[in-house]
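The values are calculated or read from the model by the stated rules, or taken from the named source; none is laboratory data. Everything quoted here is computed from the prediction, not taken from an experiment. Cβ coordinates were reconstructed from backbone atoms using ideal geometry, including for glycine residues, and neighbour counts include every protein chain displayed.
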C-alpha cells in the first residue's frame, strides 16, 4: 500500500500527524505500507535566512493570548503521542525548502527516509534548532546515518530545488491547501492531523479493493 504524506517541517500538526499515521500503520501491517514523504511549503515566501518567530506569530495571529492557547493545545496533544514540544526554544521560522531537498536526496539513495524525517521534526520542535541552516541540516543527516560530507555537497548545489518548488506549486493548484495530507494508493485523501480512527474507512476500502478515481495532483 502506497502512502504519500504531504507535510512541512515547520508545521507542528504535521509532526502530530506523522505520529498518528505511524500508530495506524503499526496496527495495519497486513497492508504492507510504503511511505513517501512529499514536500509542501506553508511559507514559501520566507527568505533563506528565516524570520524571527515571535514577530512571525504576532503578524500572523496577533493576540498573544491566542498564540499561547494554540501552543498549549499543540503541546498537550504532543504529550499524548510522545512528542515533547518545546516551542519556546524556537527562535526563527526557517524556509523549509532545503529540509525537503535533504529528504528527497535521502530517498534517492534507496533507503528509508523516515528516520531523517523524524529527526528533522524533532530537531525543530523539540530542540529548537534552525533547520534552515546548512550546518544543522548536515548534522541531522549525519545523526540519521547519512554522509555529512555528501549531504553538504548536495545542499550546496541546486539539485532538486526547481523540481520541489514546481511540485509544491502543482499540489496547491490541485487543491491541497493545508497539511498534513495523506493520500493512499494515489486515490484516497485524508487531510489534517486526524485521530487514528479516521483512517479506518479508507483502509477498509483498500482491503476490499474498491475502485476510486485517481486524485488529480502532482503525485
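Only residues in the stretch 173-185 that are more than 24 Å from residue 204 (Cβ to Cβ) count as the first member; pair them with residues that are outside any loop (DSSP other than H, G, I, E, B), Cβ under 7 angstrom, at least 6 apart or cross-chain, and list the lot.
Close Cβ pairs satisfying both conditions: 178/191; 179/6; 179/7; 179/14.
Among the residues of the stretch 29-41, how many are touching a helix residue (DSSP H, G or I) at 6+ places or on another chain (Cβ under 9 Å) and surrounded by fewer than 18 Cβ atoms within 10 Å (Cβ to Cβ)?
The qualifying residues number 4.
Scan the stretch 41-59 and give yes if some residue there is free of Cβ contacts under 8 Å to residues at least 24 places away in the same chain, assigned to a helix (DSSP H, G or I), touching a strand residue (DSSP E or B) at 6+ places or on another chain (Cβ under 8 Å) and over 17 Å from residue 121 (Cα atoms), otherwise no.
Taking every residue of the stretch 41-59 in turn, none turns out to be free of Cβ contacts under 8 Å to residues at least 24 places away in the same chain, assigned to a helix (DSSP H, G or I), touching a strand residue (DSSP E or B) at 6+ places or on another chain (Cβ under 8 Å) and over 17 Å from residue 121 (Cα atoms).
Restricting to the stretch 62-82, what's the tally of residues that are loosely packed, with under 13 Cβ neighbours inside 10 Å and in contact with a helix residue (DSSP H, G or I) (Cβ under 8 Å, 6 or more places away or on another chain)?
2
Could we say that residue 90 is surrounded by 13 or more Cβ atoms within 10 Å (Cβ to Cβ), modelled with pLDDT under 95 and either closer than 17 Å to residue 131 by Cα or more than 19 Å from the chain's Cα centre (by Cα) (or both) here?
no
Would you please list the contacts, defined by Cβ atoms under 6 Å and residues six or more apart or on different chains, that run from a residue in the stretch 76-89 that is more than 22 Å from residue 54 (Cα to Cα) to a residue that is at pLDDT 95 or above and outside any helix (DSSP H, G or I)?
So the pair list comes out empty.
What single numbered condition from (1) over 18 Å from the mean Cα position of the chain (by Cα); (2) touching a residue at least 24 places away in the same chain (Cβ under 8 Å) fails to hold for residue 24?
Looking at each condition in turn, residue 24 falls short on (1).
Would you please list the contacts, defined by Cβ atoms under 9 Å and residues six or more apart or on different chains, that run from a residue in the stretch 148-163 that is on the phi > 0 side of the Ramachandran plot to a residue that is surrounded by 13 or more Cβ atoms within 10 Å (Cβ to Cβ) and modelled with pLDDT of 95 or more?
That search, which allows pairs on different chains as well, returns 160/100; 160/101; 160/104; 160/105; 160/154.
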